[in-house]
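The values are calculated or read from the model by the stated rules, or taken from the named source; none is laboratory data. These figures come from a predicted structure and were not determined experimentally. No Cβ is skipped: glycine too gets one built from the backbone with ideal geometry, and neighbour counts run over all protein chains shown. These area figures cover heavy atoms from the full protein model, side chains too; ligands, DNA and RNA do not enter into them. Shrake-Rupley method; radii C 1.70, N 1.55, O 1.52, S 1.80 Å.
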Amino acid sequence: QVQLSESGGGLVQAGGSLRLSCAASGRTFSSYAMGWFRQAPGKEREFVGGISWSGQSTSYADSVKGRFTMSRDNAKNTAYLQMNSLKVDDTAVYYCAAGFVLGSMRPTDYTSWGQGTQVTVSS
């Protein structure tokens, strides 16, 4: 399995931007499809988006489509989530995850998870 660690969260005003990073350890990072999820207090973990092992294919939840962009740099063992036009409703703990099913919205399809990074969007 690969070990994951997110960074880049913080406090931002509505309409602002943040870029989250997900650093992976291990030489097999490029074999994994990557997913981003988020979880707000009192809510279930929600799929945000997924990216293929090559980075050529992506999928997004309707709630973030057009505002969020996923990318990855396999040479750096890192995946990214660029978040623009942030809304208060985007406030959550964001998690990256590694798995073998591209774009799966089911957390159970992912075998490795990071510890999460808090994103807070103020009005």
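For this structure, a couple of remarks:
- Of all residues making up the range 31-74, the number that are of a type outside the set (Ser, Thr, Tyr) and either in a strand (DSSP E or B) or in contact (Cβ under 8 Å) with a residue 60 or more places away in the chain (or both): 18
- Within the option set Thr111, Thr120, being open to solvent by less than 70 Å² (accessible area, probe 1.4 Å) and touching a Ser or Thr at 6+ places or on another chain (Cβ under 8 Å) holds for one residue only, Thr120.
- Scanning the range 75-98 for residues that are small (Gly, Ala, Ser) and in a strand (DSSP E or B), we see that the one that is farthest from Ser122 (Cα to Cα) is Ala98.
- Residue match in the range 96-103 (condition: over 20 Å from Thr28 (Cα atoms), open to solvent by 10 Å² or more (accessible area, probe 1.4 Å) and touching a residue at least 40 places away in the same chain (Cβ under 8 Å)): no
- When residues of the range 74-95 are limited to those that are over 19 Å from Ala40 (Cβ atoms) and within 13 Å of the chain's Cα centre (by Cα), the one most open to solvent (accessible area, probe 1.4 Å): Gln82
- Total residues in the range 1-30 satisfying the condition of being more than 21 Å from Gly103 (Cβ to Cβ), in a loop (DSSP other than H, G, I, E, B) and open to solvent by less than 30 Å² (accessible area, probe 1.4 Å): the figure is 1.
- Identity of the residue in the range 45-68, aromatic (Phe, Trp, Tyr) and closer than 16 Å to Ala97 by Cα, that ends up most open to solvent (accessible area, probe 1.4 Å): Trp53
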